[in-house]
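J.: The structure is given below, and queries will be raised subsequently.
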Amino acid sequence: MQEYIRSTPLFALCGLNCGLCPHYQMQGDSKCPGCGGPDFHLKHPSCAVITCSKKHGNVEYCYQCSAYPCERYSRTGEKDSFITYRNVIDDFARAKSDGVDQYMTELQEKTEILEFLLGTYNDGRRKSFYCIAVNLLPLPDLREIMTEIQEKTAAPDIPPKEQIEEIVRLFEVRAASRNISLKLRK
């Protein structure tokens with residue numbers, strides 16, 4: 001595939017929130033640059049969605065295509081790989097109704113929350129959990145959880161393991177209240 005560049009690599013052509021993906025949050029050569037980010041064509045040399053977009057007028061997002069929703073989107077709720085696909089249809093609907101700029105502002109805030117969690121409260125076993133939780137929970141819930149994290153874990157005498165357990169509990173309780181499972185569907 002020839003070089004593919006996008007102005008919004010955090011929000012993929014196919015609707016994935018690349019900025020909330022464990023592969024985007026990696027360090028080193030394995031780091032994914034996001035959809036259409038630097039060297040994307042080298043990391044993902046045969047993206048079927050990009051090929052499809054080229055056949056349909058080079059749309060910026062699949063929801064802008066005259067064939068949307070196509071069969072690809074009838075299967076989004078079945079299983080996940082390394083990032084959850086559960087919110088793709090809803091995220092596209094929000095980007096369409098509220099505008100991509102507004103959606104990107106919210107996605108950037110979610111990405112910053114995720115990066116804070118990974119940089120401050122990752123014991124080496126929580127990356128996927130945090131990525132899924134931040135991706136699936138609504139931004140107002142995440143803001144409230146972040147406030148609770150600051151209130152409940154700020155004491156310097158709380159061991160890091162207990163801080164992380166409390167943070168995981170906060171996410172799980174909020175997710176359960178919304179009937180959201182914080183696990184990938186394999």
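J.: Spelling out what I want: for every residue of the range 49-63, take phi, set θ = phi - 60°, compute 6.51 cos²θ - 1.76 cosθ + 1.60 (Karplus), and round to whole Hz; glycine and proline get x.
T.: 5, 5, 4, 4, 4, 4, 6, 10, x, 6, 4, 6, 9, 4, 5
J.: Another question, if that's okay. How high is the relative contact order of the range 38-167, in percent, counting Cα pairs under 8 Å that sit 6 or more residues apart?
T.: Relative contact order for the range 38-167 comes out at 16 percent.
J.: Given the rule -39500 (n - 2.57) for each run of at least 4 DSSP H residues, summed and divided by the residues of the chain, what is its mean residue ellipticity at 222 nm, to the nearest 500 deg cm²/dmol?
T.: Result for the chain: -14500 deg cm²/dmol, rounded to the nearest 500.
J.: Continuing with the same structure: Summing Lys, Arg as +1 and Asp, Glu as -1, what charge do residues with Cβ under 13 Å from the Cβ of Q25 carry, Q25 excluded?
T.: Once all neighbours under 13 Å are counted, the net charge is +2.
J.: What is the Cα centroid distance between the range 130-186 and the range 38-105, reported in whole angstrom?
T.: 27
J.: Further question: With a 10 Å cut-off between alpha carbons and a GNM built on the chain, which of F116, F40, F171 moves the most?
T.: In this elastic network of the chain, the residue with the biggest mean-square fluctuation among F116, F40, F171 is F116.
J.: Which of the pairs K96/K183; K79/K127; K79/K110; K96/K161; K96/K186 have their Cα atoms more than 31 Å apart in this structure?
T.: Result: K96/K161 exceed 31 Å.
J.: Of D90, D39, D157, which has the largest mean-square fluctuation in a 10 Å C-alpha GNM of the chain?
T.: Greatest mean-square fluctuation among the candidates belongs to D157.
J.: How far is it, in nm, from the label point at Q150 to the one at K54 when both lie 7 Å from their Cα along the line to the Cβ?
T.: The modelled label-to-label distance comes out at 4.7 nm.
J.: If you don't mind, another one. Pick from E115, E60, E144: which is most flexible by mean-square fluctuation in a GNM of the chain where alpha carbon atoms under 10 Å apart are linked?
T.: Evaluated over the chain, the most mobile residue of the options is E144.
J.: If each of A176 and E109 carries a label point 7 Å out from its Cα toward its Cβ, how far apart are those two points in nm?
T.: According to this spin-label approximation, the distance is 2.7 nm.
J.: Mark the label point 7 Å from the Cα of Q27 along Cα→Cβ and return the residues of the range 79-116 whose backbone N is within less than 16 Å of it.
T.: 115-116
No value in this document is a laboratory result; all are computed from the given coordinates. Here the structure is a predicted model, which means the values were calculated and not measured. Glycine also receives a Cβ, built like all others from the backbone with ideal geometry; neighbour counts cover every protein chain displayed.
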